[in-house]
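Undergrad: Below is a structure I'd like to ask you about.
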Amino acid sequence: MEVTVRIGQLAEQAGVSVRALRYYEEQGLLTSTRSPSGQRTYVDGAVERVRLLRRLYAAGLSSRTIVELLPCVDSPRAEQSDETWARLLEERARLDAHISDLLQARDVLDGIVTTNRRHRETFVDQVDIH
């Protein structure tokens with residue numbers, strides 16, 4: 001017998017809102033069945049699926065890109081491998097560029113913090129003199 005959870009339970013366990021789960025369904029990223037009373041139910045593995053979706057969104061992938069890549073997660077086949085491989089490498093290169101940009105921004109911020117620290121020290125020294 002397969003264990004199922006209702007939408008509220010899944011939202012709580014996965015750390016997302018019910019609205020997010022409905023959005024994932026609308027985008028074709030998550031599936032549910034309906035109970036006889038019309039409530040959405042999800043298989044037990046849905047928590048891990050939602051966590052995967054959250055990581056992919058956090059990495060900057062769009063819903064469309066995730067939809068394209070999920071067949072490789074769900075049921076990889078040889079005929080999708082070349083196209084998917086290229087797509088995965090493209091996304092990875094995009095993430096690498098974004099990480100590089102973030103590291104540069106952090107370096108600039110570090111420089112500003114260092115400069116600010118020096119200025120603060122001169123202010124403190126001036127206050128101590130008077």
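The values are calculated or read from the model by the stated rules, or taken from the named source; none is laboratory data. Being a predicted model, the structure only gives us computed values, none of them experimental. Neighbour counts run over all protein chains shown; Cβ positions are idealised from the backbone, glycine included.
Undergrad: Can Leu95 be described as over 30 Å from Val3 (Cα atoms) and either surrounded by 11 or more Cβ atoms within 10 Å (Cβ to Cβ) or under 17 Å from the mean Cα position of the chain (by Cα) (or both)?
TA: For Leu95, the condition - over 30 Å from Val3 (Cα atoms) and either surrounded by 11 or more Cβ atoms within 10 Å (Cβ to Cβ) or under 17 Å from the mean Cα position of the chain (by Cα) (or both) - is met.
Undergrad: Would you call Leu52 within 20 Å of Arg22 (Cα to Cα) and surrounded by 10 or more Cβ atoms within 10 Å (Cβ to Cβ)?
TA: It is true that Leu52 is within 20 Å of Arg22 (Cα to Cα) and surrounded by 10 or more Cβ atoms within 10 Å (Cβ to Cβ).
Undergrad: Moving on to the next point. Among (1) hydroxyl-bearing (Ser, Thr, Tyr); (2) under 30 Å from Ile7 (Cβ atoms); (3) not assigned by TED's automatic domain parsing to the domain that holds Val3, there is one condition Ser81 misses while meeting the rest; what is its number?
TA: Condition not satisfied by Ser81: (2).
Undergrad: Restrict the check to the range 28-48 and report whether at least one residue is of a type in the set (Val, Ile, Thr), in contact with a Ser or Thr (Cβ under 8 Å, 6 or more places away or on another chain), assigned by TED's automatic domain parsing to the domain that holds Val3 and surrounded by 12 or more Cβ atoms within 10 Å (Cβ to Cβ).
TA: Yes, the conditions are met somewhere in the range 28-48.
Undergrad: Residue by residue through the range 22-59, note down the ones that are among the aliphatic types (A, V, I, L, M), under 18 Å from Asp74 (Cβ atoms) and within 17 Å of the chain's Cα centre (by Cα).
TA: Leu29, Leu30, Ala46, Val47, Val50, Leu52, Leu53, Leu56
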